[in-house]
Number of protein chains: 2
Amino acid sequence: MERKTIKDLLTDYKTILHHDITVMGWVRAFRSKRFIALNDGSTIDNIQVVVDFENFDENLIKNINTASSIKVSGELVESQGAGQSVEIIAKKIELLGDNFFEELQSTILQPKKHSLEKLREQAHLRFRTNLFGAVFRVRSAISFAIHQFFNQNQFFYLNTPLITGADAEGAGEMFGVTAFDLDQIPKDENGDIDYTQDFFGKKTNLTVSGQLEAETAAMGLGRVYTFGPTFRAENSNTTRHLAEFWMVEPEVAFNNLEDNIDLAENFLKYVIQYVLEHCKTDLQFLDKRFAEEQKQKPEKDRAKEGLIEKLENIVKKRFKRVSYTEAIEILMNSKENKKGKFQFPVESWGADLQSEHERYLVEKHFGCPVVLFDYPKEIKAFYMRLNDDGKTVAAMDVLFSGIGEIIGGSQREERIDVLRQKMKEMNVDEEELWWYIDTRKFGSVPHAGFGLGLERLVLFVTGMSNIRDVIPFPRTPKNAEF
Amino acid sequence: MERKTIKDLLTDYKTILHHDITVMGWVRAFRSKRFIALNDGSTIDNIQVVVDFENFDENLIKNINTASSIKVSGELVESQGAGQSVEIIAKKIELLGDNFFEELQSTILQPKKHSLEKLREQAHLRFRTNLFGAVFRVRSAISFAIHQFFNQNQFFYLNTPLITGADAEGAGEMFGVTAFDLDQIPKDENGDIDYTQDFFGKKTNLTVSGQLEAETAAMGLGRVYTFGPTFRAENSNTTRHLAEFWMVEPEVAFNNLEDNIDLAENFLKYVIQYVLEHCKTDLQFLDKRFAEEQKQKPEKDRAKEGLIEKLENIVKKRFKRVSYTEAIEILMNSKENKKGKFQFPVESWGADLQSEHERYLVEKHFGCPVVLFDYPKEIKAFYMRLNDDGKTVAAMDVLFSGIGEIIGGSQREERIDVLRQKMKEMNVDEEELWWYIDTRKFGSVPHAGFGLGLERLVLFVTGMSNIRDVIPFPRTPKNAEF
């Protein structure tokens, strides 16, 4: 008897109908001591196991409860009931391991509605719920689609270092990494910490971005992307921030800003199309949940589109490309701005855009994803390419409804004199970044790239609202459990 | 004129022959001021650009040197010379950026033979060399094959936390992670470090393995795998150790030891077959390099197989499965052991195997990959499943020639009483791992998994001999440059 996943049985059953099969999983429900809903994580759907109690030991039947793990062998037959294609007529059932039914009552595995907060406290068990099964299967599909997109487009996957001595980008607060015993930190003759005695012989941190290293690789391999963890030691206790999150950062030699925007648009459409095709049942579940959640909100706060509808529109609609200068005009002249409805009023060219402004542009003004480009150089990083106007840089942000910025990127400054001038102006240490500057010395080329925060994309695709619910074990201020 | 990669031109040229195309890249050589060998990183092969200097500005021609970055437009024609299918008759050439030819002389981009040590010191430039281009393209292909294998087999990709409060597995020395200013570490009333004031409110470290968290996910999603960075603060300055490296850790509900060995064997064969199919030109280059390196060695130390031959044999040969007990017999009775040729003599059952023993079994005794299983419980981790003999655990190691252990794994202890007993015996803190024990309380199931160090596999596949040469920016004692 061949062992099958429940996904195999439900999607691929034609050739094995009326065969004997074996399946293992966890009991989601045992109705009327006759119908077991069994799940093995391969899909959100359960398979129904029909148990004729007369054929089984009474003790066995009594021990089958919610969360029990069982092995079932039996015949796969067409289902009589609605909502399922096939079911199993059980011939043999075996309990696979312990199930402490009394302790279960205080866990989230107990079959009733639990708050997302409570589910988070038992993050090690929430994989067993419909909701988090769906979220993490979708997260996995998104990740695979990302790798497949880049692989199909001749990109090479690059692993940039997590532990870094460089603190140059200034993208945010960093965590220190040390092998020192903090009770006995060695000092030098001046009483300063003697980092030469630490593991790496100098002060090291957890990276905030692999971009600068990825640029060096793009100067040899042409097209590269990173996809790995990134860290921020910002004390932000919000639904949008994590101390540890996953970033995707492509970097492409010979690309200019327009190529970069094309890449970002094609990339997002590919990944979302992939999920629409490969995660149908999970998305249907999340779509329903999203609709119910919207109903609880006051009408003015409700999303205009259903979850799946929203995803389909991303794939269908061309992203609107708008310069920062145009966007500022639109925002300054908007009713919202004039009536003082923005928390941060838009007063003049040069202002940094807030999430409320980005969402206004996407949700109210254009009604589709928006790509802003050519930002004032003062509000962007030193490595972004200076435009001919001397005022703006070739930066780009992709804005999505509900999220705001989902991608941020730029063409990079490839002219060594301009780069050095910018570094001086922005107090970036040239000596520390000697290797970065080197890439502009030996066959420097125009190049461009961007960064995507994976969790933001997973939030968007799943319709979840707290970023802690789209990463298995979130790391946030005062929380590093598990 | 459509922009193409050099890989496009060399592999897919039939439909664009005699068309005008545009290509960008770096000059590898400019022979007789007439033939440019151009590379863009998409493949190890260069395309030849034929320049009739009479059609171009003299200054432009003078400025084209090794490492120059250029954009070339011209007609793609069949090549007259040997060793290449097509070449470009240049109509337009443009310099893309600076090339400081004098400074170039002190870099590894200068066209002569450089030591691997020197290449490592300029890790930011070594992507431009044939050797490291090949190594990192192969590393990328291996990574993609890993994702594809698991995706095709219904596994979900899981991101386990990098920063962790758990120090339970005891797999090695850990790096501390802190947001403290090390000059002003807060103390409590007893003079102890007050970790409640640190970012996470407790002492945190960089993970040494995602396995325990992956087990919790497998208890809901069924089949999961992690693929991410892992850390060891071991002060080992060898050709085999990194402080930061990438690990792959599948974990599968309902799998026993034999399923686990099957999975490991299928997995390795799939990945190596993928690289053989998708990295032909890079492997040919590495194969040649490997052969030359072998020639430098005394005959007795030379590898028995060529690089590609070795990889093909992995795919073809069935791995030999041998119990630890049998292996110890073989080793104890070997000539090597009796003549005292092992650095660590094998004296009795229970001994831990060293790399020299593993390699003896693979290279001398069996002549094929070997899977050892059922190790003495004393030399293995607490979570491995105790066998009925009470003496051994259901552990497995896959051994490869030249490398020794490439995969280590086990069936996990799913019986809560046995697990607790083992934890007590091995001094593992039960309270800290409350969540791990929970997974044995609510529908515990047999399950199994393993770990693969990515860099070891890349070493094996590329034939490189120092692990620092198969990761872009190695992290080792006293070294966190870039």
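Quick note: the coordinates plus some simple rules give every number you see, no bench work behind them. Nothing here was measured: the structure is a model prediction, and the numbers come from that model. Because the Cβ atoms are built from the backbone with ideal geometry, glycine has one as well, and the counts that use them run over all protein chains shown.
Considering only B:Leu331, B:Ala394, B:Phe442, and ranking their Cα positions along the charge dipole of segment B:295-446 that arises from unit charges at the beta-carbon of Lys, Arg, Asp and Glu, the one farthest toward the positive end is B:Leu331.
When you restrict to C-alpha pairs under 8 Å that are six or more residues apart and normalise by the size of chain A, the relative contact order lands at 13 percent. Label A:Gln284 and A:Phe100 with points 7 Å out from Cα along Cα→Cβ: what is the distance between them in nm? Distance between the two pseudo-spin positions: 3.8 nm. Close amide H partners of A:Phe319, meaning residues 5 or more places away or on another chain with modelled amide H under 5 Å apart, do not exist here.
For segment B:331-482, with only Lys/Arg (+1) and Asp/Glu (-1) charged at the beta-carbon, what is the dipole magnitude about the Cα centre, in debye rounded to 20? Provide the component values of the computation, followed by the final result.
Numbers: 21 positive and 24 negative charges, 81 e Å.
It comes to approximately 380 debye.
Helix-only estimate, please: 222 nm mean residue ellipticity of chain A, summing -39500 (n - 2.57) across DSSP H runs of length 4 or more and dividing by its residues, to the nearest 500. Don't jump to the answer; show the numbers that get you there.
Values: 15 runs with 146 residues, N = 482.
Value at 222 nm, helices only, nearest 500: -9000 deg cm²/dmol.
Charge tally for B:Val398 (other residues, Cβ to Cβ under 9 Å; Lys, Arg +1; Asp, Glu -1): -3.
Farthest towards the positive end of the charge dipole of segment B:1-131, among the residues B:Ala82, B:Leu125, B:Val27, is the Cα of B:Leu125, using unit charges on the Cβ of Lys, Arg, Asp and Glu.
Using only side-chain charges placed at the Cβ, +1 for Lys and Arg and -1 for Asp and Glu, the dipole size of the protein assembly as shown relative to its Cα centre rounds to 2220 debye. Plainly put, the protein assembly as shown has a radius of gyration that is 0.97 times its Kirkwood radius, both from alpha-carbon atoms, as the Rg/Rh ratio.
Distances between equivalent label points of A:Pro298 across the copies, with each point positioned 7 Å along Cα→Cβ, amount to 8.5 nm, shortest listed first.
The listed peptides B:210-223, A:242-255, B:107-120, A:91-104, ordered by packing as a protection proxy, come out as B:210-223, A:242-255, A:91-104, B:107-120 (highest mean of other Cβ atoms within 10 Å first).
Show me B:51-60, A:455-464 ranked by packing, highest mean number of other Cβ atoms within 10 Å first. Provide the component values of the computation, followed by the final result.
Details: B:51-60: 12.0, A:455-464: 23.5.
In decreasing order of mean packing, B:51-60, A:455-464 become A:455-464, B:51-60.
How well do other chains shield peptide A:116-128, expressed as the mean number of their Cβ atoms within 10 Å of each residue Cβ?
Values: counts 0, 0, 0, 0, 0, 0, 3, 5, 12, 8, 3, 11, 8.
The mean count of partner-chain Cβ atoms within 10 Å per residue comes to 4.
Once you reduce segment A:1-68 and segment A:201-220 to the center of their Cα atoms, the two points are 50 Å from each other.
Placing R0 at 22 angstrom, the Cβ-Cβ distance between A:Glu189 and B:Asp192 gives a FRET efficiency of 0.20 after rounding to 0.05.
Can you compute the FRET efficiency between B:His18 and B:Lys91 using 1/(1 + (r/R0)^6), with r the Cβ-Cβ distance and R0 = 22 Å? Round to the nearest 0.05. Using R0 = 22 Å, I get an efficiency of 0.95. Here B:Ala82 yields copy-to-copy label distances, from shortest upward, of 7.7 nm, the label point defined as 7 Å from Cα along Cα to C-beta.
When Rg and the Kirkwood radius Rh are both evaluated on Cα atoms of segment A:6-106, their ratio Rg/Rh stands at 0.95. When both segment A:335-414 and segment A:109-178 are represented by their alpha-carbon centers, they are found 26 Å apart. Cross-link candidates for B:Lys441: which lysines have Cα within less than 24 Å, leaving aside residues fewer than 8 places away along the same chain? Partners found: A:Lys33, A:Lys62, A:Lys71, A:Lys92, A:Lys112, A:Lys113, A:Lys118, B:Lys377, B:Lys380, B:Lys422, B:Lys424. In a simple Cβ point-charge model (Lys, Arg +1; Asp, Glu -1; nothing else charged), segment B:6-138 has a dipole of about 520 debye relative to its Cα centre.
Taking amide H as placed 1.01 Å from N in the peptide plane, the amide H of A:Leu158 sits under 5 Å from that of A:Tyr225, A:Thr226, A:Phe227, each at least 5 places away or on another chain. The string of couplings for segment A:267-274 from the Karplus curve (6.51, -1.76, 1.60, θ = phi - 60°) is 4, 4, 5, 4, 5, 5, 4, 4 Hz, one whole number per residue in order, with x for Gly and Pro.
Measuring from the axis that maps chain B onto chain A, the chain B residue with the nearest beta carbon and its rounded distance in angstrom come out as B:His147, 2.
Between the residues B:Leu459, B:Pro229, A:Gly41, the greatest Cα displacement towards the positive end of the dipole of the protein assembly as shown, with unit charges on the Cβ of Lys, Arg, Asp and Glu, is found for A:Gly41. The string of couplings for segment B:402-417 from the Karplus curve (6.51, -1.76, 1.60, θ = phi - 60°) is x, 10, x, 5, 10, 9, x, x, 5, 6, 9, 6, 9, 8, 4, 5 Hz, one whole number per residue in order, with x for Gly and Pro. Bridging of A:Lys7 to aspartates and glutamates at a Cα separation below 13 Å is possible for A:Asp40, A:Asp45, A:Glu87, A:Asp282, once same-chain residues fewer than 8 apart are set aside.
Please report the orientation-averaged projected area of segment B:54-197, defined via the convex hull of its C-alpha atoms, in nm². Working shown, then result.
Working: hull surface 74.3 nm².
Directional mean of the projected Cα hull area for segment B:54-197 stands at 18.6 nm².
A viscosity of 1.306 mPa s and a temperature of 10 °C, combined with the Kirkwood radius over C-alpha pairs in the Stokes-Einstein formula, give chain B a diffusion coefficient of 62 µm²/s. A point 7 Å from Cα along Cα→Cβ stands in for A:Asp417, and the other copies hold the same point at 8.2 nm, listed in rising order.
Relative to the longest principal axis of the Cα atoms of chain A, helix A:130-152 runs at roughly 50 degrees. Backbone phi angles across segment B:468-481, fed through the Karplus curve with coefficients 6.51, -1.76 and 1.60 (θ = phi - 60°), yield HN-Hα couplings of 5, 9, 10, 10, x, 10, x, 10, 9, x, 6, 9, 9, 6 Hz in residue order; Gly and Pro are listed as x.
Take the Cβ atoms of A:Phe35 and B:Glu173, set R0 to 45 Å, and the FRET efficiency comes out at 0.30. Each of B:Ile330 and A:Gln354 was given a label point 7 Å from its Cα along the Cα-to-Cβ line. The distance between the two points is 7.0 nm. Spacing of the modelled spin labels on A:Asp388 and A:Glu299, each 7 Å from Cα toward Cβ, amounts to 5.2 nm. Proximity of backbone amide H atoms, modeled 1.01 Å from N, is registered between B:Leu353 and no other residue at under 5 Å, excluding neighbours fewer than 5 places apart on the same chain.
Where the alpha-carbon atoms of segment B:226-360 are placed on the principal axes, they occupy 48, 46, 37 Å, in descending order.
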